[in-house]
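Chemist: Let me give you the structure first, and then I'll get to my questions.
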Amino acid sequence: MGTQKFVSDESFVADGALAKYRIVVFGDIKQHCKYPAAQDANALAGITQESTTASGDTVLVRQLGISKLEVAAAISTIGQPIRAYDVVGRGNVQNVAGGTGPWVSGDGVVGSNESTSTASGDIIETWVQMRTLLG
C-alpha cells in the first residue's frame with residue numbers, strides 16, 4: 001500500500017467517539033462531524049485520519065487527496081466509486097451484498113478506491129473527491 005497524500009485536511013470537533021480511517025458527515029454545528037446516519041449518506045465531511053474517544057475531541061479529516069479507509073467487504077477492482085456503507089463510517093462500492101441498489105440523486109460519493117481488499121475491516125487507499133449525485 002502506497003503513501004497517503006493530502007491536498008486538504010481540516011480539523012473538526014467530533015460529535016462522539018470516532019475510529020481512524022472512517023467516513024464522517026458534517027454535524028449539526030459548524031465545524032463538527034459525526035458518523036453517517038444511513039447508507040449512501042451525503043453532506044460528507046471526509047475520512048478521519050485519527051480516532052477520538054469522546055464527543056468534543058478534535059479530529060483531523062481528509063477532504064481531498066489519498067486517504068486510507070476501512071471497508072465493510074471485499075473489493076476486487078480498483079477505480080470504483082466508494083460510498084458510506086454503514087452507520088460506523090466504513091466504505092464500500094455500490095451493489096454489494098446488503099446494498100440498496102443503484103445510486104440515486106442525492107446519494108454521496110466519497111471518491112474511488114486506489115487499492116483492493118479481501119475482507120471486511122481491511123484498510124484500502126481511496127482517492128477522496130467527495131460529491132453528491134444529481135438527477
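The values are calculated or read from the model by the stated rules, or taken from the named source; none is laboratory data. Just so it is clear, the model here is predicted, and its values are computed rather than measured. Here the Cβ positions follow ideal geometry from the backbone for every residue, glycine too, while neighbour counts run over all protein chains shown.
Chemist: Residues being among the basic types (Lys, Arg) and either more than 12 Å from Gln129 (Cα to Cα) or over 12 Å from the mean Cα position of the chain (by Cα) (or both): count how many of those fall in segment 62-85.
Modeler: Let us first name the residues in segment 62-85 that are among the basic types (Lys, Arg), namely 62, 68, 83.
Remaining after also requiring either more than 12 Å from Gln129 (Cα to Cα) or over 12 Å from the mean Cα position of the chain (by Cα) (or both): 68.
Summing the residues that are among the basic types (Lys, Arg) and either more than 12 Å from Gln129 (Cα to Cα) or over 12 Å from the mean Cα position of the chain (by Cα) (or both) in segment 62-85 gives 1.
Chemist: Would a scan of segment 93-102 turn up a residue that is in contact with a Lys or Arg (Cβ under 9 Å, 6 or more places away or on another chain), modelled with pLDDT of 95 or more and either surrounded by 12 or more Cβ atoms within 10 Å (Cβ to Cβ) or not hydroxyl-bearing (Ser, Thr, Tyr) (or both)?
Modeler: no
Chemist: Out of the residues in segment 103-135 that are at pLDDT 80 or above and among the hydroxyl-bearing types (Ser, Thr, Tyr), which is farthest from Arg62 (Cα to Cα)? Spell out how you get there, then give the answer.
Modeler: First pass over segment 103-135, keeping only residues at pLDDT 80 or above: 107-132.
Okay, now just the ones that are also among the hydroxyl-bearing types (Ser, Thr, Tyr), so 112, 115-118, 120, 126, 132.
Details: Ser112: 14, Ser115: 17, Thr116: 20, Ser117: 21, Thr118: 24, Ser120: 22, Thr126: 11, Thr132: 17 Å.
The residue in question is Thr118.
Chemist: Against the condition of a type in the set (Val, Ile, Thr) and under 19 Å from Lys5 (Cβ atoms), how does Ile47 come out, does it pass?
Modeler: Details: of a type in the set (Val, Ile, Thr): yes; under 19 Å from Lys5 (Cβ atoms): yes.
Answer is yes for this residue.
Chemist: If you take the residues in segment 1-23 that are of a type in the set (A, V, I, L, M, F, W, C) and assigned to a loop (DSSP other than H, G, I, E, B), which one is surrounded by the most Cβ atoms within 10 Å (Cβ to Cβ)?
Modeler: From segment 1-23, those of a type in the set (A, V, I, L, M, F, W, C) are 1, 6-7, 12-14, 17-19, 23; that's our starting set.
With assigned to a loop (DSSP other than H, G, I, E, B) added as a condition, the list becomes 1, 17, 19.
Numbers: Met1: 9, Ala17: 12, Ala19: 14.
Out of the qualifying residues, it is Ala19.
Chemist: Moving to a separate point now. Tell me which residues, restricted to segment 42-64, are at positive phi and either in contact with an Asp or Glu (Cβ under 9 Å, 6 or more places away or on another chain) or among the polar types (S, T, N, Q) (or both).
Modeler: Applying the first criterion (at positive phi) to segment 42-64 yields 43, 46, 56.
Those that are at positive phi and either in contact with an Asp or Glu (Cβ under 9 Å, 6 or more places away or on another chain) or among the polar types (S, T, N, Q) (or both): Gly46, Gly56.
Chemist: Could you check Phe26 against (1) in contact (Cβ under 8 Å) with a residue 40 or more places away in the chain; (2) of a type in the set (Phe, Trp, Tyr); (3) within 19 Å of Ser11 (Cα to Cα) and say which number it fails?
Modeler: (1)
Chemist: Restricting attention to strands (runs of 3 or more DSSP E) lying wholly within segment 24-99, give those where 2 or more residues are in contact with a strand residue (DSSP E or B) (Cβ under 6 Å, 6 or more places away or on another chain) and within 14 Å of Gly111 (Cβ to Cβ).
Modeler: Answer list for segment 24-99: 44-48, 58-70, 81-84.
Chemist: Without any contact (Cβ under 8 Å) to a residue 60 or more places away in the chain, among the charged types (D, E, K, R) and either under 18 Å from Val128 (Cα atoms) or surrounded by 18 or more Cβ atoms within 10 Å (Cβ to Cβ) (or both): is that true of Asp57 in this structure? Steps first, answer last, please.
Modeler: Details: without any contact (Cβ under 8 Å) to a residue 60 or more places away in the chain: yes; among the charged types (D, E, K, R): yes; either under 18 Å from Val128 (Cα atoms) or surrounded by 18 or more Cβ atoms within 10 Å (Cβ to Cβ) (or both): no.
In short, no.
Chemist: Gly106 is checked against (1) surrounded by 14 or more Cβ atoms within 10 Å (Cβ to Cβ); (2) in a loop (DSSP other than H, G, I, E, B) and fails just one. What number does that condition carry?
Modeler: Tallying (1) surrounded by 14 or more Cβ atoms within 10 Å (Cβ to Cβ); (2) in a loop (DSSP other than H, G, I, E, B), Gly106 fails exactly one: (1).
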